[in-house]
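A.B. asks: Below are the structure tokens for one structure; questions will follow.
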Amino acid sequence: FVPDIEFGAAGQYVLRAKAYGQQAGDEPARMAFRLDGGELELVDVPARRRNPGVYETRVQVDQPGPKRFAVAFVNDYYRPDDPNPRNRDRNLFVEHLEVEGPLTQEAAQASEIQQRIIFVSPPPGDRRPDAWSQSARQVIERFASRAYRRPVEADEAARLARLVEMTRADGESFERGIQLAMQAVLVSPHFLFRVELSPQPDSQAAQQPETPAQPDAAPQPITEHQLATRLSYFLWSSMPDDELFAHAAAGTLRQNIAEQTRRMLKDPKSRALVDNFAGQWLQIRRLNTMTPDLERFPVFDDALREAMLRETELFFAAIKDEDRSVLEFLNADFTFLNERLARHYGIDGVAGDEFRRVSLAGGVRGGVLTQASVLTITSNPTRTSPVKRGKWILEQILGTPAPPPPPGVEELEEGDQAALSGTLRQRMEQHRENASCASCHSRMDPLGFGLENFDAVGAWRDREGTFEIDPSAELADGSTFNGPAELKAVLAGKPDQFSRALTEHMLTYALGRGLEYYDRCAVDTISEAVANDGYKFSALVLAVVQSDPFQLRRGGG
């Protein structure tokens with residue numbers, strides 16, 4: 001067995017082989033360690049199949065690079081006529097080879113990741129159980145505490161340390177033992193799931209000895225480490241950093257949560273809030289699966305799709321990073337464009353592939369409603385969909401979702417022949433004459449009609465075929481508008497309703513669960529706090545992390 005091994009640096013190395021012999025004759029099986037064809041050491045291998053042994057030798061390597069590490073069976077014995085069948089044939093069996101090193105100071109430093117994980121190890125060549133155990137416990141406790149996002153318990157660390165001791169007893173390296181313990185950590189439910197177990201699940205003791213203890217039904221504050229985990233996965237979609245862990249260990253995170261939240265929002269890792277929350281709330285993740293009809297919309301391609309998504313992400317990031325009013329999600333007078341998307345919008349003065357901030361003052365665009373990403377995901381492949389666009393506004397902007405359609409409703413007539421009979425709006429108005437459809441469509445369709453000047457990929461148009469578009473409508477509350485600019489003004493005139501809807505979406509994202517009836521008071525409190533602080537983005541995030549649903553967990557009642 002002669003593998004080529006990469007020796008990364010000059011220094012001293014340990015070469016190991018786990019082997020056993022099929023013994024015969026008057027001496028045990030013998031094995032030679034070889035490196036690049038040169039013999040290093042001969043060792044006897046008296047071990048047998050049931051209990052293989054680990055054999056090793058040391059070598060000084062002066063020139064780094066690939067080298068051929070091999071072992072050879074050097075004392076073959078074969079006497080097929082021996083009357084004792086167990087004494088007829090001697091063989092050597094090698095289970096695996098291993099190289100450890102470099103061990104000396106002139107060796108190159110281990111990788112940054114290795115140094116961060118194995119920050120302490122037993123002295124080179126020291127295989128005493130105490131030396132391994134002490135180093136293993138230190139490495140395991142730090143690694144498992146970060147992986148579990150809480151201090152590792154003594155019995156957990158002891159179980160993991162036993163895995164390292166097993167590798168020592170088998171003659172394997174300390175690094176191999178740590179690797180085995182890490183594998184156990186990384187398949188643990190405490191790593192794979194965000195576990196929030198109550199420290200006292202039976203905290204409400206029973207009155208009578210024969211009555212089983214009942215869990216405390218009152219909401220319980222989550223621990224500081226659980227709070228750090230909730231906060232980091234909310235804002236960063238990742239584990240807490242050292243500063244959060246330090247506050248959690250000191251029991252000071254809850255009292256400093258506002259300061260820590262502001263710090264985390266300024267950190268580049270808060271980009272995860274853009275990628276994940278914006279994608280979930282605005283549903284722009286669906287853009288990657290949209291397939292507009294290229295015969296009807298030949299301008300659409302992957303470059304335009306990417307530009308649409310990039311515009312919305314940069315816009316959301318600007319609201320977050322500049323701590324602007326969340327109402328600007330509806331009526332901002334700026335966006336981010338490159339030349340391709342600016343040309344799609346009919347905006348001059350933007351050249352090149354690089355995105356830059358562009359003023360929209362005085363134009364019809366502004367806010368997420370008029371961005372091509374949203375307009376495309378709320379369209380059909382061949383045409384716009386006032387129903388989808390209206391439904392999207394009801395759900396994502398106003399927080400008043402429409403009920404599902406009743407069964408047996410006929411589909412809207414499609415095709416070129418249908419298009420000759422009138423605009424999509426005119427055909428939909430005929431569709432709404434069905435009483436079972438009118439109750440829902442009267443809420444959705446007017447909102448969608450206000451965006452009909454934008455085609456199915458978000459480009460501006462004045463006509464649909466030969467028919468002039470009518471973007472005016474009246475909402476159920478009596479509000480009227482004519483075109484997207486006035487529609488945005490109507491929606492922006494409902495700041496508390498929009499703020500509440502956004503609160504519900506963000507609280508859902510922060511908690512990782514849907515909202516229930518008992519969350520209504522928290523939503524009211526958060527919405528009021530946001531309004532009192534000028535609807536600033538940071539006010540929304542701070543109110544969420546300070547809310548009861550975020551800081552408490554349900555009791556067992």
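A.B. asks: Of the residues that make up the stretch 246-256, is at least one within 29 Å of A144 (Cα to Cα), part of a helix (DSSP H, G or I), within 20 Å of the chain's Cα centre (by Cα) and not charged (D, E, K, R)?
C.D. replies: no
A.B. asks: Does A473 fit the bill of being touching a Pro at 6+ places or on another chain (Cβ under 8 Å) and open to solvent by less than 50 Å² (accessible area, probe 1.4 Å)?
C.D. replies: yes
A.B. asks: While we're looking at this one, here's another question. If I ask for residues that are open to solvent by 80 Å² or more (accessible area, probe 1.4 Å) and either of a type in the set (A, V, I, L, M) or under 27 Å from the mean Cα position of the chain (by Cα) (or both), which ones from the stretch 122-166 would you list?
C.D. replies: Passing the criteria: R142, R146, E153, M166.
A.B. asks: Quick one: would you say L282 is open to solvent by less than 50 Å² (accessible area, probe 1.4 Å) and more than 22 Å from K494 (Cα to Cα)?
C.D. replies: no
A.B. asks: Looking at (1) open to solvent by 60 Å² or more (accessible area, probe 1.4 Å); (2) under 12 Å from the mean Cα position of the chain (by Cα), find the lone condition where E243 falls short.
C.D. replies: Among (1) open to solvent by 60 Å² or more (accessible area, probe 1.4 Å); (2) under 12 Å from the mean Cα position of the chain (by Cα), E243 violates only (2).
A.B. asks: Among the residues of the stretch 515-549 satisfying the criterion of being at pLDDT 95 or above and either hydroxyl-bearing (S, T, Y) or in contact with a Phe, Trp or Tyr (Cβ under 8 Å, 6 or more places away or on another chain) (or both), which is nearest to A501 (Cα to Cα)?
C.D. replies: Here the answer is S527.
A.B. asks: Being within 20 Å of D26 (Cβ to Cβ), open to solvent by less than 70 Å² (accessible area, probe 1.4 Å) and out of contact with any Pro (no Cβ under 9 Å at 6 or more places or on another chain), is that true of even one residue in the stretch 41-54?
C.D. replies: Yes.
A.B. asks: Can you say whether A531 is open to solvent by 30 Å² or more (accessible area, probe 1.4 Å), among the hydrophobic types (A, V, I, L, M, F, W, C) and not in a loop (DSSP other than H, G, I, E, B), as far as the supplied structure shows?
C.D. replies: The answer is yes for A531.
A.B. asks: Select, from G177, G171, the only residue that is at pLDDT below 95, more than 30 Å from the chain's Cα centre (by Cα) and either open to solvent by less than 10 Å² (accessible area, probe 1.4 Å) or among the small types (G, A, S) (or both).
C.D. replies: After applying the criteria, what remains is G171.
A.B. asks: Moving on. Give the residue, chosen from A459, A501, A489, that is within 40 Å of the chain's Cα centre (by Cα), closer than 23 Å to A372 by Cβ, aliphatic (A, V, I, L, M) and surrounded by fewer than 16 Cβ atoms within 10 Å (Cβ to Cβ).
C.D. replies: A489
A.B. asks: Looking at F481, is it under 30 Å from F193 (Cβ atoms) and surrounded by 13 or more Cβ atoms within 10 Å (Cβ to Cβ)?
C.D. replies: No: the conditions fail for F481.
A.B. asks: If I filter the stretch 509-539 down to residues being among the aliphatic types (A, V, I, L, M) and within 22 Å of the chain's Cα centre (by Cα), which single residue comes out as farthest from A258 (Cα to Cα)?
C.D. replies: The extreme case among them is L515.
A.B. asks: What number of residues within the stretch 329-360 satisfy the criterion of being free of Cβ contacts under 8 Å to residues at least 60 places away in the same chain and either in contact with a Gly (Cβ under 7 Å, 6 or more places away or on another chain) or more than 21 Å from L487 (Cβ to Cβ) (or both)?
C.D. replies: Looking only at the stretch 329-360, we keep the residues that are free of Cβ contacts under 8 Å to residues at least 60 places away in the same chain, and these are 332-343, 347-360.
So of that shortlist, the ones also either in contact with a Gly (Cβ under 7 Å, 6 or more places away or on another chain) or more than 21 Å from L487 (Cβ to Cβ) (or both) come out as 332-333, 336-343, 348-358, 360.
The qualifying residues number 22.
A.B. asks: Follow-up question, since we're still on this one. Taking the stretch 443-456 as the region of interest, how many residues are out of contact with any strand residue (DSSP E or B) (no Cβ under 8 Å at 6 or more places or on another chain), within 28 Å of R296 (Cα to Cα) and either open to solvent by 30 Å² or more (accessible area, probe 1.4 Å) or modelled with pLDDT under 90 (or both)?
C.D. replies: 1
A.B. asks: Would you be able to say whether some residue in the stretch 265-278 is of a type in the set (S, T, N, Q), open to solvent by less than 40 Å² (accessible area, probe 1.4 Å), in a helix (DSSP H, G or I) and within 19 Å of R150 (Cα to Cα)?
C.D. replies: No, that holds for no residue.
The values are calculated or read from the model by the stated rules, or taken from the named source; none is laboratory data. Please read these numbers as outputs of a predicted model, since none were measured by experiment. All Cβ positions, glycine included, derive from the backbone under ideal geometry; neighbour counts span all protein chains shown. Heavy atoms of the whole protein, side chains included, go into the accessibility calculation; ligands, DNA and RNA do not. Shrake-Rupley method; radii C 1.70, N 1.55, O 1.52, S 1.80 Å.
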